[in-house]
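Take a look at the structure set out below.
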Amino acid sequence: MSRTMQGVFFLEPGKLEQREVAIPEPGAGEVVIKVESATTCGTDLKGFLRGHRLFRPPMPFGHEYSGVIVAVGAGVTRFKEGDAVTGANSAPCNHCYYCKRGSPQLCIHLEDAFNFGSYAEYFRITAPIVAQNLHIKPDNVPFEHASFVEPLACAVMCIVNANIRLGDTVAIIGPGAQGLMQIQLAKAAGAARVIVVGRAAGRLERAKLLGADITFSTNDGDAIAFVKEQTGGYGADVVIEAAGNAETWSQALLMARKGGTVVQFSGLAGGTQVSFDATHLHYGEITMKGVFHLTPRTVELAVQALANGTVDVAPMLDGKIPLSQVEDGLMRMKRSEAIKLAVVPGMA
Ligand SMILES: [Zn+2]
Ligand SMILES: [Zn+2]
């Protein structure tokens with residue numbers, strides 16, 4: 001076997017490079033996988049275009065993955081060579097202030113725990129991830145779908161924190177990959193009706209395909225008025241903002257009924273200020289919450305949701321590409337021609 005491999009590196013905003021580098025060796029507690037699928041992600045696109053505070057160039061690029069274990073480090077007992085696996089690319093420390101208070105997604109060591117480099121033939125999985133957030137790939141889930149586990153775990157995190165009750169009407173703003181997974185999870189959590197607000201007709205079509213009962217394009221008018229009209233004038237029980245701009249953060253509040261819950265799910269650029277209707281927040285007793293990232297439990301639930309069919313990711317996958325086309329793939333996402341692509345290093 002050759003001791004080198006091809007991997008894609010992030011050099012600076014707007015610049016990637018495919019390099020020949022040494023195949024990683026597993027340290028204690030680590031495993032190395034042969035990557036079968038590394039899905040492209042909105043975070044990669046944003047980071048590629050503008051840089052990201054966690055991207056320290058030259059940095060091995062890509063963070064979603066599935067593959068087959070080719071080498072196992074000392075002390076690893078849960079996995080062996082030949083196991084097909086998938087997982088998240090971070091893990092909590094379990095001993096900091098937040099971990100001890102049951103919020104591992106807020107772990108103060110999270111930034112150091114991120115593991116990048118899945119756009120490569122081989123990928124080393126660090127020990128805390130192997131111990132907590134690596135899972136055997138279910139047999140009935142193809143590799144290209146299994147690499148959705150990390151973003152799906154974030155969508156699960158959103159839904160388990162959204163206070164959805166049986167029979168609820170849930171409004172989701174933003175039919176991107178997250179919104180499309182959240183539709184299916186909201187239904188599984190008991191929502192009777194899911195209303196999806198977006199713009200592009202193609203995205204709204206996919207939302208329908210994945211279980212949205214009603215869709216509304218903001219090209220056709222006022223989304224707040226539409227959601228109210230659909231709910232007898234009250235507003236939705238639960239509103240999820242997954243579009244990622246200050247204006248929709250503000251609108252989400254006004255789409256919720258009195259006593260309802262608003263989840264501000266999409267991250268905005270550092271320092272962004274958002275204004276809200278304070279009257280509706282206070283007199284309407286709205287619960288508004290931020291939900292971020294994932295936990296080992298939501299990673300576990302994401303693997304289950306793929307295995308038992310609760311979430312179908314096939315309609316979000318717009319094809320497979322080789323390593324040499326990562327940049328091209330990200331540009332297709334930018335032009336809204338693709339939601340996600342599976343980078344398959346073994347492809348010619
Ligand atoms: Zn991702
Ligand atoms: Zn911690």
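No value in this document is a laboratory result; all are computed from the given coordinates. Keep in mind that what you see is a predicted model, and the values were worked out from it rather than measured. Positions of Cβ are generated from backbone atoms using ideal geometry, with glycine treated the same way; all protein chains shown enter the neighbour counts.
If I model the chain as equal point scatterers sitting on the Cα atoms and use the Debye formula, what is log10 I(q)/I(0) at q = 0.11, 0.12, 0.14 Å⁻¹?
-0.72, -0.86, -1.14
From the residues A188, G73, P60, which one has its Cα farthest along the dipole of the chain in the positive direction, the dipole being from +1 and -1 charges on Cβ of Lys/Arg and Asp/Glu about the Cα centre?
It is A188, whose Cα lies furthest towards the positive end.
Under the rule of at least 5 residues apart or a separate chain, name every residue whose amide H is placed under 5 Å from the amide H of K340.
D318
So how do V31, V149, V130 line up by other beta-carbon neighbours within 10 Å, fewest first?
Ranked by crowding around the Cβ, least crowded first: V130, V31, V149.
Can you compute the charge dipole magnitude of region 162-290 about its Cα centre, using +1 on each Lys and Arg Cβ and -1 on each Asp and Glu Cβ, nothing else charged? Give it in debye, rounded to the nearest 20.
300
Among G221, V303, Q105, whose Cα sits farthest toward the positive end of the charge dipole of the chain (+1 at Cβ of Lys/Arg, -1 at Cβ of Asp/Glu, about the Cα centre)?
Q105
Loop-only check: which trypsin sites (Lys or Arg not before Pro) in region 249-348 are DSSP coil with at most 12 other Cβ within 10 angstrom?
Sparse-neighbourhood loop trypsin sites (Lys or Arg not before Pro): R335.
With the dipole of region 95-191 worked out from charges on the C-beta (+1 for Lys and Arg, -1 for Asp and Glu) around the Cα centre, which of V149, G176, H95 lies farthest toward the positive end?
Farthest along the dipole direction, towards plus: H95.
Restricting to bridges with both residues inside the chain, how much of the DSSP beta-bridge set is antiparallel, in percent to the nearest 5?
Taking every DSSP beta bridge with both residues in the chain, the antiparallel ones total about 55 percent.
Quote the charge dipole size of the chain about the Cα centre in Debye, to the nearest 20; the model charges only the Cβ of Lys and Arg (+1) and of Asp and Glu (-1).
380
Could you tell me the distance between the Cα centroids of region 62-115 and region 261-290, to the nearest Å?
Rounded to whole Å, the Cα centres lie 31 Å apart.
Long-range amide H contacts for I172: which residues qualify at under 5 Å (H placed 1.01 Å from N, peptide plane, sequence gap of 5 or more or a different chain)?
I195, V196, V197, I240
Just rank D222, D318, fewest to most, by other beta-carbon atoms within 10 angstrom.
Sorted ascending by nearby Cβ count, the order is D222, D318.
For Cα pairs less than 8 Å apart in space and 6+ apart in sequence, what is the mean separation divided by the residue count of the chain, i.e. the relative contact order in percent?
Normalised by residue count, the contact order of the chain is 18 percent.
What is the extension gain from L281 to A188, computed as 0.36 nm multiplied by their sequence separation minus the C-alpha to C-alpha distance, in nm to one decimal?
Gain on stretching L281 to A188: 30.7 nm.
At each listed q (0.13 Å⁻¹), what is the log10 of I(q)/I(0) that the Debye formula gives for region 162-290 modelled as equal alpha-carbon point scatterers?
Treating every Cα as an identical point scatterer, log10 I(q)/I(0) equals -0.45.
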